[in-house]
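The values are calculated or read from the model by the stated rules, or taken from the named source; none is laboratory data. As the structure is a computational prediction, the values presented were derived from the model and not from experiment. No Cβ is skipped: glycine too gets one built from the backbone with ideal geometry, and neighbour counts run over all protein chains shown. Ligands, DNA and RNA are excluded from the accessible area calculation, which covers all protein heavy atoms including side chains. Shrake-Rupley method; radii C 1.70, N 1.55, O 1.52, S 1.80 Å.
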Amino acid sequence: MTILVDKNTRLIVHGITGREGSRQTRTMMDYGTRVVAGIVPGKGGQTFEGIPVFNTAREALAQTDGNTSIFFVPKAFVLNAAVEAIEAEVPLIVCLAEGVPVHDVLKIKKHQKKSASIFIGPNTPGLISPGVVKVGGMPHKVYTPGSVGVVSRSGTLSYEMVNMLSASGIGQSTCVGIGGDRIPGFTFVDALKLFKDDDQTEMIVMIGEVGGIGEIEAAKYIKAHFNKPVFALIGGLNAPPGKKMGHAGAVVAGADTTAAAKMEALQKAGAFVADSPHALRDAVRSAI
């Protein structure tokens with residue numbers, strides 16, 4: 001068992017004929033992901049690698065058995081694509097675009113609350129259940145099947161961490177990138193709730209960074225409800241206040257948004273908090 005994506009995932013790709021969409025679609029298909037439809041307004045009726053292309057999400061859902069959408073569209077088009085997918089009742093929506101306007105994300109979340117759709121992103125690398133299915137643009141060769149669930153705000157830090165785990169013979173159940181923008185559609189707590197009930201996942205690696213209070217909320221949830229081992233790494237321990245550190249959401253703007261505060265909260269909640277990827281890898285290896 002995995003979370004969010006599994007052998008039953010049937011993917012719809014928004015922007016399937018674009019440069020990045022076409023390249024990543026071929027990569028996901030090569031990994032074994034079942035792509036059932038593409039969406040490109042104005043190109044309905046065409047095909048891509050034998051996959052039917054539709055003008056809208058509603059058309060794609062009506063004529064295929066898709067249950068997951070991924071967006072390879074510019075940030076200016078994310079709002080329309082997301083609202084359309086939510087109104088079409090796509091169960092899982094994954095948005096890779098970076099820099100989506102905050103007001104657009106707030107509108108997406110407003111629509112999401114009225115539906116059962118899960119919206120992951122913006123600015124996520126995607127998610128992968130190793131050896132089963134890949135929905136995103138992560139370097140899949142570093143992942144191996146196993147029992148460690150990974151949830152991260154940082155794509156590159158998660159790749160490094162997973163590569164180290166895999167090289168040590170430690171596989172992963174599902175790896176989820178929640179994205180580094182200021183307002184995530186999917187949070188650490190959302191991921192922890194799913195991992196909590198996943199029989200395959202025995203422990204969690206959680207990778208956070210400065211900015212926002214997602215890690216603080218996760219610490220509260222871990223302390224009150226979570227019964228599996230959590231190993232955490234928080235990037236940006238020396239980040240200066242008020243300066244954006246790469247991601248739009250990685251800005252120290254209050255006492256609870258610093259790396260030190262998050263590390264302390266997670267430690268008090270019972271998580272093992274490492275000061276480097278190597279230390280985190282060693283802790284996980286010792287626990288297995």
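Quick notes
- One residue stands out among those in the stretch 234-252 that are of a type in the set (A, V, I, L, M, F, W, C) and either loosely packed, with under 14 Cβ neighbours inside 10 Å or in contact with a Lys or Arg (Cβ under 8 Å, 6 or more places away or on another chain) (or both): the one that is modelled with the highest pLDDT, which is 234.
- Pair list, Cβ < 7 Å and 6+ apart or interchain, from the stretch 17-43 residues that are over 22 Å from residue 130 (Cβ atoms) and of a type in the set (Ser, Thr, Tyr) to residues that are open to solvent by 70 Å² or more (accessible area, probe 1.4 Å) and not in a helix (DSSP H, G or I): 17/43
- Unmet criterion (only one of (1) surrounded by fewer than 24 Cβ atoms within 10 Å (Cβ to Cβ); (2) assigned to a strand (DSSP E or B)) for residue 175: (1)
- The stretch 178-207, residues that are of a type in the set (Ser, Thr, Tyr) and either in a helix (DSSP H, G or I) or within 17 Å of residue 125 (Cα to Cα) (or both): 187
- The stretch 194-219, residues that are over 19 Å from residue 274 (Cβ atoms) and modelled with pLDDT under 95: 211, 212, 213
- Among the residues of the stretch 135-152, some residue qualifies, meaning at least one is under 13 Å from the mean Cα position of the chain (by Cα), crowded, with 24+ Cβ neighbours inside 10 Å and on the phi > 0 side of the Ramachandran plot.
- Selection over the stretch 73-122 of residues that are surrounded by fewer than 24 Cβ atoms within 10 Å (Cβ to Cβ) and in a loop (DSSP other than H, G, I, E, B) gives a count of 13.
- Checked across the stretch 26-36, the condition of being part of a strand (DSSP E or B), open to solvent by 50 Å² or more (accessible area, probe 1.4 Å) and under 23 Å from residue 89 (Cα atoms) holds for at least one residue.
- For the stretch 119-132, the candidate set comprises residues that are more than 11 Å from the chain's Cα centre (by Cα) and not hydroxyl-bearing (Ser, Thr, Tyr); within that set, the residue that is nearest to residue 10 (Cα to Cα) is 132.
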